[in-house]
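Worksheet: the structure to be examined is printed underneath.
Rule-based calculations on the coordinates, nothing more; no lab input. Values in this document were obtained by computation on a predicted structure and should not be read as measured data. Positions of Cβ are generated from backbone atoms using ideal geometry, with glycine treated the same way; all protein chains shown enter the neighbour counts.
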Amino acid sequence: MTFNDLGLSAELLRAVSEQGYSQPTPIQAKAIPIVLQGRDILAAAQTGTGKTAGFTLPLLQLLKGKKPVGRRPVRALVLTPTRELAAQIAESVTNYGKHLPLRSTVIFGGVNIRPQIAALRQGVDILVATPGRLLDHVGQKTLDLSQVEILVLDEADRMLDMGFIHDIRKVLALLPRQRQNLLFSATFSNAIKQLAGGLLDSPTLIEVAQRNTAAERVAQVVHPVDKKRKRELLSFLIGSRNWKQVLVFTRTKHGANRLAGQLAKDGIGAAAIHGNKSQGARTKALADFKKGAVQVLVATDIAARGLDIDQLPQVVNFELPNVSEDYVHRIGRTGRAGREGEAISLVSIDEQKLLRDIERLLKCKVPKEIIAGYRPDPSIVAEPVTTGGRQPAAGSGKNHPNRNRTRPKNGRNAAARKPKLGRVAPRG
Ligand code: AMP
């Protein structure tokens, strides 16, 4: 199967080959022809499968084939849970659509709303957005969604997990009833099935990989180590193994900052990325990491969600996540699009239960390897693990216990404080 077999136009094929893709990934091979037929899809696909091109390429082609009526109305809406993911999808839309006369823009919270208003006023065919800021625009009457022909819900399970269900329903109510819907989700929980049931019209089900397959693709190892010596071990591993680009996960924002600072003292270029950082700082940290200006990016789970960094060779769990599924998302950052990756977890005595939970989810043991000189001191007893605000999920949607806490503080914006909208949490 080649891209030429999928029914894509010459402009899109050119853009694809300029990206250096020679073959469609399984999700692309399955989704593109169906989306081109104008059908709804329900796709089980995680980040890293090439799903973004899977919906973006046919979407561009469909829009290109039809002339918009009047001034450019928004004809395709892509909703995503996080700002980073929104920015990355928007970049993909720009890349794949660069030989087409279509306009796109991205809107998310945490940044000035005015340039977004200006972009919308100029008219865009494709809008990529996070739900909160999207509704702010609707509330300010700077956005009209009444001409949307195609709706994409990306990482729908994450959106529900982050408590966006009400926002999604509000957005759906603003769209024309007659439209094409593409729903992407890494998992098919009951909540997702319920959402899909009310949204999709005789969808084609596309499944390319079982959930948690990152675990099979990625070489995983646990290095048992005392909590106090983790930073030292990390610096040692980075130096001795000559790691050039490492994504390191911590449980808390404070922990991310502290670790980035400590690594810097060890002479290792590091930046932290988490919800308390301004959008500008997060974007800069990610850009510096991508171009190799910083060697280590220290991230919390929420901040890292959806990060697309090509050929990321190593992911380090400096601390195990409290939510086992987050481990799978974390290690999914490496071994992307079929490449080999390595996931290294530094595990202290306190984290044994978390490790057991993860292994239960993976349905396999992660191999353990003690690094010479870092054997844990057997006299140290386990202490309770600090949670950093994320607890094992007790369901999704508005009743999620951490709904408010998982939202970045700097997501607050003027509209979000308006009492008439009755918001309880700052939003993306
Ligand atoms: P996604 O799952 O959409 O986040 O894509 C994961 C990564 O795979 C991105 O870095 C894409 O640039 C890359 N990618 C997407 N499609 C292809 C393809 N057909 N061949 C090689 N890489 C691809």
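Please compute the modelled spin-label separation between Met1 and Ala287, points set 7 Å along Cα→Cβ, answer in nm with one decimal.
Reported label-point gap for Ala287 and Met1 is 3.6 nm.
What is the stretch 218-362's relative contact order, in percent, from Cα pairs under 8 angstrom and six or more apart in sequence? Provide the component values of the computation, followed by the final result.
On the way: 263 pairs, mean separation 48.2, N = 145.
Here the relative contact order equals 33 percent.
Grab the beta carbon distance between Ser17 and Ala372, set R0 = 45 Å, and tell me the FRET efficiency rounded to 0.05.
Values: r = 48 Å, r/R0 = 1.06.
The pair Ser17/Ala372 has a calculated efficiency of 0.40.
Taking a threshold of 28 Å on the Cα-Cα distance, which of the pairs Lys64/Lys291; Lys227/Lys363; Lys98/Lys277; Lys228/Lys365 fall above it?
Among Lys64/Lys291; Lys227/Lys363; Lys98/Lys277; Lys228/Lys365, the Cα-Cα distance tops 28 Å for Lys64/Lys291; Lys98/Lys277.
Given a Förster distance of 45 Å, report the FRET efficiency between Arg114 and Lys244 from their Cβ-Cβ distance, rounded to the nearest 0.05.
After rounding, the FRET efficiency stands at 0.70.
Using only the C-alpha atoms of the stretch 1-124, find the volume of their convex hull and express it per residue in Å³. Numbers along the way, then the final one.
Numbers: hull volume 13.8 nm³, N = 124.
Dividing the Cα hull volume of the stretch 1-124 by its residue count gives 111 Å³.
Under a cut-off of 21 Å between alpha-carbon atoms, report the lysines in cross-link reach of Lys193, not counting same-chain residues fewer than 8 places apart.
Lys30, Lys51, Lys170, Lys398
Determine, from the Cβ-Cβ distance of Glu216 and Lys170 and an R0 of 35 Å, the FRET efficiency 1/(1 + (r/R0)^6), rounded to the nearest 0.05. Intermediate values should be presented prior to the final figure.
Details: r = 39 Å, r/R0 = 1.10.
The pair Glu216/Lys170 has a calculated efficiency of 0.35.
Peptides 98-105, 164-171: what's the order by average Cβ count within 10 Å, highest mean first?
Values: 98-105: 16.6, 164-171: 18.6.
Result, highest mean Cβ count within 10 Å first: 164-171, 98-105.
Using the C-alpha atoms of the stretch 218-362, what convex hull volume per residue, in cubic angstrom, is computed? Spell out each step's value before the answer.
Numbers: hull volume 14.6 nm³, N = 145.
Given the Cα convex hull of the stretch 218-362, per-residue volume reads 100 Å³.
Could you compute how fast the stretch 179-294 diffuses translationally, taking Rh as the Kirkwood radius over C-alpha pairs and applying Stokes-Einstein at 25 °C with viscosity 0.890 mPa s? Give it in µm² per second.
Values: Rh = 17.9 Å.
Answer from the Stokes-Einstein relation: 137 µm²/s.
Say each of Asn95 and Ile349 gets a label point 7 Å from the Cα, pointing the same way as Cα to Cβ; how far apart are those two points in nm?
Using points 7 Å along Cα→Cβ, the separation is 4.7 nm.
Given bins 10 angstrom wide, list per bin the percent of all Cα-Cα distances in the stretch 136-223, short to long.
P(r) over the stretch 136-223, rounded to whole percents: 13, 40, 28, 12, 5, 1.
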